[in-house]
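Notes to accompany the following structure.
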Amino acid sequence: MHTRLRRLREARVDASLIRIETLCRRPVELSAYRLSRFVTDTGPVDR
C-alpha cells in the first residue's frame, strides 16, 4: 500500500481523487485494503 501511494504521489496524482477502503475480516490479519482512483470522463465509449 505504501509503495502504491508513493508512486501516485510521484506521478503527481491529486490526493483528493484517491480512496482507500478497508475490508475488515476476522482475524484481523486477514483484513485487506483496496486502493482506487476517481477517473473523470475520458470521452465516448465505443460499444
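The values are calculated or read from the model by the stated rules, or taken from the named source; none is laboratory data. These numbers were taken from a predicted model, which means no experiment stands behind them. We place every Cβ from the backbone using ideal geometry, glycine too, and count neighbours over all the protein chains shown. Just the protein is used for accessible areas: all its heavy atoms, side chains included, with ligands, DNA and RNA removed. Shrake-Rupley method; radii C 1.70, N 1.55, O 1.52, S 1.80 Å.
Could you list, in sequence order, the residues of segment 1-38 that are open to solvent by 90 Å² or more (accessible area, probe 1.4 Å) and either part of a loop (DSSP other than H, G, I, E, B) or modelled with pLDDT under 80 (or both)?
R12, C24, R25, R26, V28, E29, F38
Pairs only if they're at least six apart or on different chains, beta carbon under 7 angstrom, first in segment 20-47 and under 22 Å from T3 (Cβ atoms) and among the hydroxyl-bearing types (S, T, Y), second at pLDDT 80 or above and assigned to a loop (DSSP other than H, G, I, E, B); list them, first residue then second.
Note: pairs meeting the criteria are T22/S31; S31/C24.
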